[in-house]
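The values are calculated or read from the model by the stated rules, or taken from the named source; none is laboratory data. The structure displayed is predicted, hence computed values, not measured ones. As a convention, Cβ positions derive from the backbone with ideal geometry for all residues, glycine included, and neighbour counts pool all protein chains shown. The accessibility values were calculated without ligands, DNA or RNA, using every heavy atom of the protein model including side chains. Shrake-Rupley method; radii C 1.70, N 1.55, O 1.52, S 1.80 Å.
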Amino acid sequence: MRIRSHAFWMGLAAATALATPAMAVDLTITCRCVDGGVNSEQAKWIKESVIPAFTEMKGGDVNVTLTEFAGSDEQLTQQLALDFSTGAGPDVAGFDGFLIPSFVEGGLLKPLDALAGEAVTGWEGWSHISEGAQALMSYQDKPYGIALGTDVRMIFVRADLLRDAGIDPESWQPASWEELLETARTLKEKNPDSFPLQLNAGVPMGEATTMQGYWMALLGTGEHVTDDQGRYIVASQDILDTLNLYKTIYIDEKLGDQRAQLLGDGRNRTFANFRDGITAMLVEGDWFYRSVTAPGSEFAVENRDEVMTWAKMPAKEPGAGIRGQDFVTISGGTGFVLNPNTDEPELAWELLAFMNSKEQLNEFQKFQPRIRIRDDVPIPDSPFLTETSQELLPLTTARPNDADYNAVSAEIQRMTEAVVSGELSPEEAMKRYGEAVVRIVGEENTVSLL
Amino acid sequence: MRPFSLLSRSAGAAFLTPAGLLIGAFVIAPFFWVIYVSFTNRTLLGRTALNPEFIGLANYVSLFDAASFFTRGEFGFSLILTIQFVLLSALAGQAALGMLLAWMLQTVPKTLKSLTEMVVIAAWILPEVVIAFAWFAFLDYDNGTLNMIMEGLGLPKGDWLLSFPFWVIVVFNTWRGTAFSMMLFNSAFSSIPPSYFQAADVAGATSWQKFRDIGLPLIRGHVVTDLILITMWTFNVFTPFLLTNGGPSYRTEILPIYTYRVAFRDFEFGKGAAVGVIVMLINLVFALFYLWVTRRRARGVAA
């Protein structure tokens, strides 16, 4: 957030002393991105491409700074929620699309056009962003931000470990949970100290638990978190099946690393396990390939293109998945929103639009190849991206676009944690989840299928 | 008798007004605001942020719901955990250890005494964040100092923060807070005339007898003060959060951390406020008890 008087005096001092343009305006961007750390490519893109180009375009009247936020997604959410509610915070903020409904209902975000008016509605970019992609950062048909892209989830596989166990990684594609568990058992037998399979659970991982773990299993039972009428399902055999899958992996057969799910830095531990060959099958989003294991990062996998491959997440049984599918995945979208309290809404929008211009997204591809939100930004020559998007995008689904989802998701994290820590049985954990969800959304918005 | 006064009543009131306004705005108003919020379902995010409803005692009822009271991550579990934490780390840990150290310091050479004091006090005055990081590094499973020592001695490595999180914060808080008790008891023991002990020595008393019959009875008032103060502090301490985040699985979620989690991570302001009110009431009981004891002492009843 710009501090008016500060900018004024700085500008005045600059004007008198150096006769450079006075009254330079400050803008700040925050994202969970750190040069050399998490989302390093994004930080580099903003610092090395977006900011210099934008400053040059504005003729030096603008100072843009990037605040590199090194905490977890949940900590950034906490920071932004408290900032936006008190009128503080960055002008442009990195944001996960699923949070938009709960922020909007809480009065903590404003639609882009309400903030910056005509400039938003007339932006050339909208015609290059599909409606589905706009919806990633929208609520009730109003865009609150622009997504950088969408993602898909899958099982990342260590081909070398499978090969060692006599499994051909090229053709390996489990068709059911049982086949997935069978492979994990084979690998565990081969190396009793390893944790071959990791399906995220627990509170410390936050939304990564819900998205990369719980959803990936639940969709395989044919169920969504809500029913057709948008009511939250608080009890069902499918939830129990999902929790029992967790129990099999972490409690009964110790196929997964329980510590990694319970400790504060758990997600990084799962990354390290994969890098170190302790975990052979890790269910994660394509971010894991794009950023986490990319060459030069902390969890880079050596000879990545030889030892790392992927498989689709199977439904519980063939055909048992959502919409009768054999395989499942789910997509979300992250991007940037504008602070509703920004002093410079027009300028902040200009920056946001500039970041999402064809030129800047093309620049981004050089830092991190990815399927971009704009249809006029070519997909880089990456077999991984081409393959996964062709195979998985037709199978995908999305989280409920609902203001209560965020709170329900936190309860899902608690439910899975209670099971993988061995504290509660699946039945008890589901009962507690059901009670909590009723408290959040009200009895009339829930349904029990048992 | 007319009380002596430097200023007239009105001048005194005028001087007090600014402070009174500040206290009113920043202490008393938030106090009543918290009580009010605790009767609503107000949140930071979602529908109940802009349109909170008055829900009466529902927040309090849910906190004391018998069905979930003892479940990890619920209020009751945190309350019981906090009581255990206070009993073990404040009373058994800080007070008892502080007493032991203070008693032993009475007889050791002066250099050793000041050296011990320095070390214990260092643990007390270092910034909490620094301390927490040091402990984190000490206890880490893979590269921690403690596990290196264990391995050096041929003992199995321990996964301290995951297997014994509660004991970790108990030891941590004991280590952290013993200095205060030690200093308090130390000065209390020093105020006892040496002749008492010399007389006991002549009579052939053991150290334990001297402690039981001379030392302890004469500093009883200090002991009560110490116990009440450290109980209050430990009850409200937040530092273990830096070590464990309240986890794993809520096993170190003492009340201050629970309150923080409910209010500022789940953003349930209404429920968080209700917990805050209960914590305030408990603290009020401690404070009243403390005042009652100090008054009795001032009248010479207790000591």
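Details
Here is a yes/no grid of residues against (1) closer than 19 Å to B:Phe241 by Cβ; (2) open to solvent by less than 40 Å² (accessible area, probe 1.4 Å); (3) not in a helix (DSSP H, G or I):
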site: B:Phe133; (1), (2), (3): yes, no, no
site: B:Phe136; (1), (2), (3): yes, no, no
site: B:Leu155; (1), (2), (3): no, no, yes
site: B:Gly158; (1), (2), (3): no, yes, yes
site: B:Leu161; (1), (2), (3): yes, yes, no
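- Matching residues in the range A:41-75 - criterion: being out of contact with any Leu (no Cβ under 8 Å at 6 or more places or on another chain) and among the small types (Gly, Ala, Ser): A:Ser49, A:Ala53, A:Gly59, A:Gly60, A:Ala70, A:Gly71, A:Ser72
- On the stretch given as the range A:193-230, residues that are outside any loop (DSSP other than H, G, I, E, B), in contact with a helix residue (DSSP H, G or I) (Cβ under 9 Å, 6 or more places away or on another chain) and either within 14 Å of chain B (Cβ to nearest Cβ) or crowded, with 21+ Cβ neighbours inside 10 Å (or both) total 16.
- When A:Pro101, A:Pro52 are checked against the criterion of being over 28 Å from B:Leu44 (Cβ atoms) and at pLDDT 90 or above, a single residue qualifies: A:Pro52.
- Considering the range A:20-101, the qualifying helices (runs of 4 or more DSSP H), each wholly inside and each with 1 or more residues that are within 14 Å of chain B (Cβ to nearest Cβ) and within 24 Å of the chain's Cα centre (by Cα), run over A:73-86.
- Among (1) on the phi < 0 side of the Ramachandran plot; (2) open to solvent by less than 60 Å² (accessible area, probe 1.4 Å), the one test that B:Gly204 misses: (1)
- Breaking point among (1) farther than 20 Å from B:Leu79 by Cα; (2) open to solvent by less than 60 Å² (accessible area, probe 1.4 Å), for B:Arg296: (2)
- Looking only at the range B:253-273, residues that are surrounded by fewer than 23 Cβ atoms within 10 Å (Cβ to Cβ), away from chain A (no Cβ under 13 Å) and in a loop (DSSP other than H, G, I, E, B) come to 0 in all.
- Each residue in the range A:20-65 was checked for being on the phi > 0 side of the Ramachandran plot, touching a helix residue (DSSP H, G or I) at 6+ places or on another chain (Cβ under 9 Å) and either open to solvent by less than 60 Å² (accessible area, probe 1.4 Å) or of a type in the set (D, E, K, R) (or both), and 1 of them qualify.
- A:Leu148 hydrophobic (A, V, I, L, M, F, W, C), within 30 Å of A:Asp265 (Cα to Cα), more than 14 Å from chain B (Cβ to nearest Cβ) and assigned to a helix (DSSP H, G or I): no
This table checks each residue for (1) hydroxyl-bearing (Ser, Thr, Tyr); (2) within 14 Å of chain B (Cβ to nearest Cβ); (3) not in a helix (DSSP H, G or I).
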position: A:Thr388; (1), (2), (3): yes, no, no
position: A:Ala410; (1), (2), (3): no, yes, no
position: A:Ala429; (1), (2), (3): no, yes, no
position: A:Ile440; (1), (2), (3): no, yes, no
position: A:Leu450; (1), (2), (3): no, no, yes
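- Pairing each residue of the range A:378-406 that is over 20 Å from A:Leu136 (Cβ atoms) with any residue that is open to solvent by 30 Å² or more (accessible area, probe 1.4 Å) and hydroxyl-bearing (Ser, Thr, Tyr), provided the two are 6+ apart or on different chains, yields C-beta distances under 8 Å for A:Phe384/A:Tyr289.
- Subset of the range B:108-142 [among the polar types (S, T, N, Q) and touching a helix residue (DSSP H, G or I) at 6+ places or on another chain (Cβ under 8 Å)]: B:Thr116
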